[in-house]
1. Going through the range 116-205, which GluC sites (Glu not before Pro) have at most 15 other Cβ atoms within 10 Å and a DSSP loop state?
2. List the pairs from Lys427/Lys535; Lys289/Lys360; Lys288/Lys360 whose alpha-carbon separation is above 22 Å, in the order I gave them.
3. Using the Karplus equation 6.51 cos²θ - 1.76 cosθ + 1.60 (θ = phi - 60°), what ³J(HN,Hα) coupling, rounded to whole Hz, does each residue of the range 739-750 give in order, writing x for Gly and Pro?
4. Any idea what the relative contact order of the range 379-438 is, in percent, if you count C-alpha pairs under 8 Å spaced at least 6 apart?
5. So, with +1 on the Cβ of K and R and -1 on the Cβ of D and E, and no other charges, what is the size of the charge dipole of the range 489-549 about its Cα centre, to the nearest 20 debye?
6. Which order do Trp652, Trp580, Trp556 take by accessible area at a 1.4 Å probe, largest first?
7. Give me a comma-separated list of calculated 3J(HN,Hα) values for the range 61-70, in order, Karplus coefficients 6.51, -1.76, 1.60 applied at θ = phi - 60°, integers in Hz, x for any Gly or Pro.
8. Along the range 102-119, what does the Karplus equation 6.51 cos²θ - 1.76 cosθ + 1.60 (θ = phi - 60°) give for ³J(HN,Hα), rounded to whole Hz, x for Gly and Pro?
Amino acid sequence: MLYRLLALRAALALAIWTGTTFSTTAAHAAEPAPAANAAAATENKGALAAAVDSLMADDIQTQRDAEKTLIAAGPHALEVLPPTAVVTEPTVRTRVERIRNRIELNQLVARLDDPQPEIRTAAEDVLRKRDRKTLAHLPATESLKTPEGRAALERVRVEITTRNTLHLVLTCVVLVGVILGLLQERFGAEVIMLSALLILVAFGVVSLDQALLGFANPAILTIAALFIVGAGLQGTGGMETLSHYLLGRTQSGTPLFRLITPIATMSAFLNNTTIVAFFLPIFISVAKKMRTSPSKLLIPLSYASILGGTCTLIGTSTNLVVDGTLREQGLGGMTMFELSPVGIPVTIIGLAFLITVGQKLLPDRKDLLEYVESHPREYTAELIVRGDCPWVGQTIRAAGLRDLPGLYLYQIERAGELLSPVAPSEKVQANDLLYFSGVIGTIVDVQKIRGLDPVEHHEIEPTSAAGTATEGAAPSDSTPKPAPRTGHQLAEVVISQSSPLVGMSVKAADFRSRYQASIIAVHRSGQKLSEKIGKIVLESGDTLLVDAGADFARRWRNSRDFILVSGLDDSAPIVHHRAWRALAILAFVIIGMSFEPELAAIVAMAAAALSIFSGCVSSREAMRSMDLSVLVLVASALGVSRALDSSGAAEWLAGQLLTIVQPYGPLAILAAIVLLTGLLTELLSNNACAALMGTLAIATARATGLDPRPLLIAVAVTSSYGFATPIGYQTNLMVLNPGGYKFSDYLKIGIPLDLICWILTVILIPCFWSLTLPQ
């Protein structure tokens, strides 16, 4: 509070100095004012400066009185008000903006009485373009002095009212179109949402500047930056380490409870968007290990983060919005764990629903890996175990080598001895040569494990004592040597009939010297290859998985040696020795966002920059890691949500329902607040919903004599219960495309969970807060 007051004082001093300088400059061009007038002006400016200072007071009534004083002062207050951009406290910044807008509005209305028609017309034109919220602050028509002014003000009222009605209807039509478009799934969700936003801009429901605010929203910058941080964790193996410590060893049959409970716990103290952005790639990787579709895990990831955020004050920004409303109304802010009596029971029961009934409602989308497993294209691969491999000393079963999706360990070569079949109790030893057969996706994942290297298949000719090659000597069949990956990606190549490789063994082909790449695995259609890779005689149509440079596909795409050359995404080698850097950057993000949640975007962008400069991720990979469809979808949804708010559609719906339930008592009003908040948060952003319903809850409490605090508690927790639509919460949008979800998937599992949370909220709140004010 102290540093914010000092910042406001500094801004105020700057504004006063600027105003004084301007006044002094103007005085040189005009006649000097009398000393008495100068003293009065200085005294008046001092009083206004004191009023500006009072905007930071802890007492709400003092803040309101200061705001009224400044509005009444008119243009003189503008000389002492600090620029909005330099005010750091959100509540004070809102008040300063409101004061400026009210003063400007009053000046425009006063000009309607001006004797000059040009001035009246100009003021009327500006007022007509104002939004619907202007209507609440327009003075009574009779307060204007001239007939022309009164007529102009009435025209302004009619113009704004008519335009607002049209905008309301258009917004509802567009919203229905969005829902139908998402249900039909003919186009991507981001295309539908962006199209809806463009329609609303074209018809003037929101201005272009307002529409673009979604793309400049700090949440978008945070998500984009965290994608880069996540890529750094993946590229260094830090993601695997984090997954191991937080989620344990995962395999087929791992209970969902073990995965989502840590998510809900962390979400109570960290930003939900941050949690989901970090754990999205981890859960996709876990899905592969569990041999299940990501669609079974990603909605629970999003929902668990949402539920956990309702348990504490800092769990989500929605709670802070309501906390600000409480403080502004003089009701006292929320304590850290004031929401816990409602949030914790709802979270426990919500997680139980996801683990039991929810699992049956979740879709089982077939991803690429499952498709490959049902349409196998088996590669043969050989990997050498180094001494620092985490598998050393573990049994085959304990290391998870029996649970690799789509991959089979069919043989181990140890000191010249072949072990086949491989028993589950067999222990992995350093220098073991592991023979795998299976799908390419899992081979790509396995070769990223620390301490596993491909085999060198370069033919070494025997040499004489003098060190020269011996003609006619048989090639040496020495102990296989590791060939650590040196390329930037893996690529698939299909050998053509005219290739010089046809008829040569892999070892004799000397692929590394010819093409500056090394062979990791071989696939031959219709035939299972069981011999050592180095001894496989290549044929036309064979597919090779090679470790290559970033420009390999470009250089050899048109070569007659290959029918097809294709690079594989997400196949860069893991830089394990930099994992500690990526984990340190993650710790920086967590600590930074815990202490300064308002600066989440700055912290995230700083972490992204550190990930690039520290070598955890390259600039190219950083750009590729940002999922543009997710960013466009979230940003467009924020713009559509703004249209729902500015058009009055949400407020109109809320007002209609509250009018109906008011005669039925406090519990019915609480239930209506919960229902309305729950419905609106599926369509609006959760923060916009909390701000709107907070205002309506306070108005309802005053009209019915209820205590506003329990109603605002209901608004705080229910604003986060956006389970039934992908646009209900940012994290739902983030998992939409990676999980392959449809709009109907959210409805199937989200509606029952919404109902459970709503009912529990209505039951629990009266148990801890009295709905009526004490007599």
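The values are calculated or read from the model by the stated rules, or taken from the named source; none is laboratory data. Because the structure is predicted, anything quoted here is derived from the model rather than measured. When we count neighbours, we look across all protein chains shown, and the Cβ atoms used for this are built from the backbone with ideal geometry, even at glycine. What goes into the accessible areas is simple: the full protein's heavy atoms, side chains included, and nothing from ligands, DNA or RNA. Shrake-Rupley method; radii C 1.70, N 1.55, O 1.52, S 1.80 Å.
1. For GluC sites (Glu not before Pro) across the range 116-205 that sit outside H, G, I, E and B with at most 15 neighbouring Cβ atoms in 10 Å, the list reads Glu185.
2. In this structure, Lys427/Lys535 lie more than 22 Å apart at Cα.
3. Working through the residues one at a time gives x, x, 7, 10, 4, 5, 5, 5, 5, 4, 9, x Hz.
4. Answer for the range 379-438 is 51 percent.
5. Approximately 180 debye in magnitude.
6. Of Trp652, Trp580, Trp556, the descending order of accessible area is Trp580, Trp652, Trp556.
7. Karplus values, whole Hz, x for Gly and Pro: 5, 5, 4, 5, 4, 5, 5, 5, 4, 5.
8. Values per residue, Gly and Pro as x: 5, 5, 4, 4, 4, 5, 5, 5, 4, 5, 5, 8, 5, x, 8, x, 4, 5 Hz.
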